[in-house]
């Protein structure tokens, strides 16, 4: 193939019906529930919602923690929050539990919510803008 035709090539899988892009996936996932902002998250916590911080250790050490949030790294999330699971956290008492998932900037948390909702945790949502939005709103952070 000559170099003049290389620009006409589509990436592998393009147009073949294989998967979607991450932006489209986020849009689809987020269409299924209502996300909350920092003030709404704070109010939800005051009303008994479980805040779940899925950021990795380096970010928590660098930026701090939201007081009272349950820290569960992303790779353990489903195991810890499934009320029927053998490895559940003590806080995971019901499928009706209000859960607000918090990542660093509000992207990974949306995908985590999709997974929790598949487990029947129908009140799970996430914080728009993640921990960074919480901190920017001047809400409490433990260093």
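Data for the structure
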item: Members of the range 63-91 found to be on the phi > 0 side of the Ramachandran plot and out of contact with any helix residue (DSSP H, G or I) (no Cβ under 7 Å at 6 or more places or on another chain), listed by number; result: 64
item: Which listed residue is crowded, with 18+ Cβ neighbours inside 10 Å and either at pLDDT below 95 or over 19 Å from residue 32 (Cβ atoms) (or both), from 84, 88, 55, 135; result: 55
item: Selection count, the range 6-41, where residues are at pLDDT 95 or above and either within 15 Å of the chain's Cα centre (by Cα) or within 19 Å of residue 114 (Cβ to Cβ) (or both); result: 19
item: Residue 44 being more than 15 Å from the chain's Cα centre (by Cα), over 27 Å from residue 136 (Cβ atoms), surrounded by 14 or more Cβ atoms within 10 Å (Cβ to Cβ) and modelled with pLDDT of 95 or more; result: no
item: Hits in the range 92-124 (condition: in contact with a helix residue (DSSP H, G or I) (Cβ under 6 Å, 6 or more places away or on another chain) and in a strand (DSSP E or B)); result: 100, 101, 102, 124
item: All positions within the range 129-143 that are on the phi < 0 side of the Ramachandran plot, in a loop (DSSP other than H, G, I, E, B) and out of contact with any helix residue (DSSP H, G or I) (no Cβ under 8 Å at 6 or more places or on another chain); result: 140, 143
item: Test result for residue 115, under 19 Å from residue 29 (Cα atoms), touching a strand residue (DSSP E or B) at 6+ places or on another chain (Cβ under 6 Å) and in contact (Cβ under 8 Å) with a residue 24 or more places away in the chain; result: no
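The values are calculated or read from the model by the stated rules, or taken from the named source; none is laboratory data. Source: prediction; values computed, not measured. Note that we place each Cβ from the backbone using ideal geometry, even for glycine, and neighbour counts take in every protein chain shown.
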